[in-house]
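Undergrad: Before I ask anything, let me first share the structure, which is written out below as structure tokens.
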Amino acid sequence: MRARNVALALLVLAAPAAAAQRDTTARPDSAPPPQALLREVFAYEGGGRDPFMSLLRSGDVRPLISDLKLTTIVYDARYVARSVAVLRDITTKPSRMYHVKTGDIIGRLKVTQIRPREIVFTVQEFGFERQETLSLAKQEETP
């Protein structure tokens, strides 16, 4: 009797596996049609950085201090807060101009001080701050 029960149990367990092996061919009309995945793609052509790109992946925020050239300083000795500096970004075409005063921020650069021949920036990187100075090019005197 025990052998008969074991044989019945094996038969019951083997029946679904055998049925699955017999029906391995799927009918072509029963398969779902392939679906195409549609995605919207953006191409940003504006000036400055791409707003769809993560700042964490880009590694830095432009402009860098090396990208800027100091072209003009209008220095007011009476009211130093009214002094203005003109910077040109040499990496962009056409060159982008920045007119800055003390306290203005460009990317990670904060204008700390404007002097008669130079401008002092505070650069904020990775939680630390450092001072960088950008000077006007020396003018050659004509004899």
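Please treat every number below as a calculation from the coordinates, not as lab data. As the structure is a prediction and not an experimental result, all values here were calculated from the model. Backbone-built Cβ (ideal geometry, glycine too); neighbour counts: all protein chains shown.
Undergrad: How big is the dipole moment of the stretch 102-143 about its Cα centre under a simple scheme where the beta carbon of each Lys and Arg is +1, that of each Asp and Glu is -1, and everything else is neutral? Debye, nearest 20, please. List each step's numbers first, then the result.
TA: Details: 6 positive and 7 negative charges, 20 e Å.
Value, rounded to 20: 100 debye.
Undergrad: Among residues other than residue 119 whose Cβ falls under 12 Å from its Cβ, what is the net charge (Lys/Arg +1, Asp/Glu -1)?
TA: Numbers: positive: 69, 101, 110, 115, 117; negative: 104, 118, 132.
After counting each charged neighbour, the total is +2.
Undergrad: How many percent of the alpha carbon pairs in the stretch 60-117 exceed a separation of 19 Å?
TA: Working: 431 of 1653 pairs.
Summing the P(r) tail past 19 Å for the stretch 60-117 gives 26 percent.
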